[in-house]
Amino acid sequence: MSENRIFIFDFDSTFIQIEALEELAAIALKDHPHRQAIINQMKDITNQGVEGGISFAESLQKRIKLFHANRGHLDTLVRRLRRKISVSITRNKAFFLDNTDRIYIVSGGFHEFIDPIVKPYGISRDHIYANTFKFDEYDNIIGYDENNILAQEDGKVALLKSLRLNGDIYVIGDGYTDYQMREAGLANRFYAFTENIRRNGVIEKADHVTPSFDEFLYENKLPMSISYPKNRIEVLLLENVHSEGIRLLQNEGFNVDYIKSSLDEDELAERISNVWILGLRSKTQVTNKVLAKAERLLAIGAFCIGTDQVDLNECARRGIAVFNAPFSNTRSVVELAIGEIIMLMRGVFAKSMNMHQGVWEKSAQHNFEIRGKKLGIVGYGNIGSQLSVLAEALGMEVHFYDIVEKLSLGNARKCRSLRELLRKVDVVTLHVDGNRANTNLFGEKEFRLMKDGSIFLNLSRGFIVDSAALLKYIQKGKILGAAVDVFQREPKSNDEPFVSELQGLPNVILTPHIGGSTEEAQHNIADFVARKMIDYVNSGDTLNSVNFPNLQLPTLRNAHRLIHIHENKPGMLAQINSILAEREINIVGQYLKTNETIGYVITDIAKKYDQGVIDDLKKIPGTIRLRILY
């Protein structure tokens, strides 16, 4: 690091996430009837001051007059502020401890709460410049030292002039008064810190916008706790991914863009070049053509159960990990299936439509209880097996068929063939996966084998069923009722029309692919998939990946982590370790797992190492991708 660089930090909304005076007011006004109105007024005054609308001196005077506080309130404030230090500042605490003689806090805030917050970061009292409160004999705050240079107009500029610091001065802050030090020619660069708040008037004047302290360190080639600023990691979320997923990824510091609709192959290929993390649901197809343009893509999150919309083998070949949510919406799909079975058995849908037309047709004909009826489940995976348990609890006799050997739950009975199941049951419901080998799994022959007066449900994939054959057997009366949630051709968004040959039939329930579309399911899916991708980016953890070897890794401590993704062939680990030995690099920990396609080696090494090892590892024949984590 250059020996003559000096770093000046603002405190409020920079070193900490919030404005400390506003938090002090919230504490002091806890039981005040107009508490929120006063705090809102303070926020308006704060914004006017930091954006240059009014002078800082005027802003400070107005805010202090709005509430009354004492030393006890300050003690509470300090405890709260310790939990509100900016995330990227906390992450890079080592930088502060290693450069204490070059770091200054220059703030319009107050020593009484700033000093104890920055002290654990090695910043001494003589490098902290701030205001001080005045107290009465009862420890009530009655004002502040108005003679302090930082309580006056252009106080930061005047202070910096008086310090006569020697070196290149970098100012990191969020307010207009921070920029004024650069404007006055006293600082070499001003960095607008936007991790906690974005002030457009300040951003426009900055030499560089830094959404995190990681970005500042990376831009200036300074030591940092992570290998790459998270704000530079582009995330693209499609198909109206639940807001919880957006929130988690944004809170992690990633640069998140989201679109409500799906994108077709050409549109996605055009957008994908700078994307590191891609999130989608069931409509968007990630093909070889798309992946060929995905130069930076690290991970794909399918915010749903299936992954047939993603070319998993090609992703593995390119070192792209894919995650999904195999369990998160199971309950929602099962509940919809149960509800639709009951509605169809009772003819509720048709009766409801008649009632809306003013027709009263009360009859027990073709209306049945589900108790005692035989339910046939095709596909006994996560959804099928849970449906089995609930249906049996409602009194149904459950039969199932699956091409994979599965353990029966409860009293469910396994059928040796699909033909056997279809001849036995009163209700057939499909819950198979999206493997393209299942195309037209259910067609003319299968409908013909079903019992007369059967109920049919498809809540799995549209291409599994021959819709024309289904229509034929509904019209013939062989199928008493049907419920379909998935279709061969589905609109890309809610703005497009839906067309199906099954429309207009009174004994058919059509739903717009909402089997897993409950608030609970979508929240759970978003939480699960987003966290999996975050864990992969941060630590290399691949647990629950559908195309990578599954490894759950320990937290990285005081080491560098090298992630080597390669073709699965003999001798790769030996070559990796030979290179590390030649460079005399100490291995702190090492983890290896393979699948039929790729090998995944995680090597934690001592912090000090020969940088040439990176190029050596990349040159190993069969290497797909090398990642470095700090």
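Rule-based calculations on the coordinates, nothing more; no lab input. On a predicted model such as this, the values are computed, not experimentally measured, just so you know. In this analysis, Cβ positions are derived from the backbone assuming ideal geometry, glycine residues included, and neighbour counts consider all displayed protein chains.
Given 37 °C and 0.692 mPa s, how large is the Stokes-Einstein diffusion coefficient of the stretch 168-237 in µm²/s, with Rh as the Kirkwood radius over Cα pairs? Display every interim value, and only then the final one.
Numbers: Rh = 12.6 Å.
Roughly 260 µm²/s, to the nearest whole number.
Quick one: of the DSSP bridges fully inside the chain, what percent are antiparallel, nearest 5?
Details: 27 of 84 bridges.
Bridges in the chain that DSSP calls antiparallel: roughly 30 percent.
Cut-off under 12 Å on the C-alpha distance; same-chain residues fewer than 8 positions from Lys230 excluded. Which aspartates and glutamates are left, in chain and number order?
Those aspartates and glutamates meeting the cut-off are Glu195, Asp214, Glu215, Glu252.
Once Lys and Arg get +1 and Asp and Glu get -1 on their Cβ, which of Ser261, Gln285, Ala337 lies farthest toward the positive end of the dipole of the stretch 228-360?
Ala337
For the chain, what is the relative contact order in percent, using Cα pairs closer than 8 Å and at least 6 residues apart in sequence? Working shown, then result.
Details: 1190 pairs, mean separation 60.0, N = 630.
In percent, rounded to a whole number, it is 10.
Report the extension gain between Ser225 and Asn411 in nm, rounded to one decimal, defined as 0.36 nm multiplied by the number of residues separating them, less their alpha carbon distance. Working shown, then result.
On the way: separation 186, 0.36 × 186 = 66.96 nm, distance 5.53 nm.
The Ser225-Asn411 span can extend by a further 61.4 nm.
Would you compute, for the Cα atoms of the stretch 553-629, the largest minus smallest coordinate along each principal axis and list the three values in descending order, in whole Å?
Answer, in whole Å and largest first: 33, 26, 17 Å.
Before anything else, pin down the relative contact order of the stretch 553-629: Cα pairs under 8 Å, at least 6 apart, normalised by residue count, whole percent.
Reported relative contact order: 46 percent.
Report, ordered by chain and residue number, the aspartates and glutamates lying within cross-link reach of Lys569, taken as a straight Cα distance under 19 Å and ignoring same-chain residues fewer than 8 apart.
Glu314, Glu596, Asp616
Tell me which chymotrypsin sites (Phe, Trp or Tyr not before Pro) from the stretch 275-381 have a DSSP coil assignment and no more than 11 other beta carbons within 10 Å of their own. Working shown, then result.
On the way: sites: Trp276, Phe303, Phe323, Phe327, Phe349, Trp360, Phe368, Tyr380; in loops: Trp276, Phe303, Phe327, Trp360, Phe368, Tyr380.
Qualifying residues, ordered by number: Trp360.
May I have the extent of the alpha carbons of the stretch 331-437 along their three principal axes, as whole Å values ordered from largest to smallest?
51, 30, 25
Cα centroids of the stretch 22-100 and the stretch 293-363: how far apart, whole angstrom?
Between the Cα centres of the stretch 22-100 and the stretch 293-363 lies a distance of 47 Å.
Taking θ as phi - 60°, what are the ³J(HN,Hα) couplings along the stretch 241-256 by the Karplus curve (6.51, -1.76, 1.60), each to the nearest whole Hz, with x for Gly and Pro?
Once rounded to whole Hz, the list reads 4, 4, 4, 5, x, 4, 4, 4, 6, 5, 5, 6, x, 6, 8, 9.
Among the lysines, which fall within straight-line cross-link reach of Lys362, defined as a Cα-Cα distance under 30 Å, with same-chain neighbours fewer than 8 residues apart omitted?
Leaving aside lysines fewer than 8 places away in the same chain, those within reach of Lys362 are Lys351, Lys373, Lys374, Lys451, Lys472, Lys476, Lys478.
Using only helices, what value at 222 nm comes out for the chain when you add -39,500 (n - 2.57) per DSSP H run of length 4 or more and divide by the total residues, to the nearest 500 deg cm²/dmol?
Result for the chain, helices only: -10000 deg cm²/dmol.
Checking a compactness column here: for the chain, what do you get for Rg(Cα) / (2.2 N^0.38 Å), N being the number of residues?
Taking the Cα Rg and dividing by 2.2 N^0.38 Å, one obtains 1.24.
Among Leu249, Thr177, Tyr228, whose Cα lies farthest out toward the positive end of the dipole of the stretch 143-261, if unit charges sit on the beta carbon of Lys, Arg (+1) and Asp, Glu (-1)?
Looking along the dipole axis, the top candidate is Tyr228.
Taking the 0 to 90 degree range and rounding to the nearest ten, how far is the long axis of helix 330-346 tilted relative to the main principal axis of the chain, both from C-alpha atoms?
Once rounded, one gets 40 degrees.
Regarding the stretch 5-219, what's the average projected area of the Cα-atom convex hull, expressed in nm²? Please list the in-between numbers first.
Working: hull surface 44.5 nm².
About 11.1 nm², averaged over all directions.
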